[in-house]
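Notes for the one structure printed next.
The values are calculated or read from the model by the stated rules, or taken from the named source; none is laboratory data. The shown structure was predicted, so the numbers you read here are calculated from the model rather than taken from an experiment. Don't worry about glycine lacking a Cβ; one is built from the backbone with ideal geometry, like all the others, and counts go over all protein chains shown.
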Amino acid sequence: MAIDRQSRDSQSREETKRNVDWKPPSALDAPEAPIGYKHRWIRESVLDYDDKNNVFKRRREGYELVRAEDYPDFDAPVVDEGKNAGVIGTGGLLLARVPEEIVEKRKEYFEKKTQTQMEAVDRDWMRENNPVMPKSKPQRNSNVSFGKNRNLNE
């Protein structure tokens, strides 16, 4: 009767160690947002000068501050004193959550506003068009390339 034995090499610790990826710690690590929400850092102060208007503006937009007690398993810096005591915050920033619907609506609003401004610039550019020396419509496209010369006639 043969005994099935494993070699000592397969039992060594080096074989069972897994590669551990290391990355520098981030001062802005945040807990996972609940389903339907996004977390964002909002500015509370700059160089010890309060920026109350920014916090009030964000709260009117639908942001709500994230309290440390909402995430007992997440070790995060917490504001110790003042109006925002107990809120997750670091370096003049406070963690806030906002519903994804508001994020999408805000994104759409600013895309529409940008598009309107670009159309106004184009109209202004073409307003003084002269048939003797016609202007071409603006071409807006960009290419990003790395590490090689690119033929622009492609």
Q: List every residue pair whose Cβ atoms sit under 8 Å apart, with the two residues 6 or more apart in sequence or on different chains, where the first one lies in the stretch 54-66 and is small (Gly, Ala, Ser) and the second, anywhere, is assigned to a helix (DSSP H, G or I).
A: Gly62/Ile102
Q: Tell me, please, whether a residue that is of a type in the set (Asp, Glu) and either touching a residue at least 24 places away in the same chain (Cβ under 8 Å) or closer than 14 Å to Trp41 by Cα (or both) can be found in the stretch 74-97.
A: no
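In the stretch 20-79, which residues are basic (Lys, Arg) and assigned to a loop (DSSP other than H, G, I, E, B)?
Here is the first cut: in the stretch 20-79, the ones basic (Lys, Arg) are 23, 38, 40, 43, 52, 57-60, 67.
Listed by number, the list holds a single entry, Lys23.
Which is more than 19 Å from Phe56 (Cβ to Cβ), free of Cβ contacts under 8 Å to residues at least 12 places away in the same chain and among the basic types (Lys, Arg), of Lys107, Lys137? Please lay out each step first, then the result.
Numbers: Lys137 fails: free of Cβ contacts under 8 Å to residues at least 12 places away in the same chain.
Only one candidate passes the filter, namely Lys107.
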Q. Pick from the stretch 1-39 the residues that are among the hydroxyl-bearing types (Ser, Thr, Tyr) and modelled with pLDDT under 65: which of them is surrounded by the most Cβ atoms within 10 Å (Cβ to Cβ)?
A. Ser12
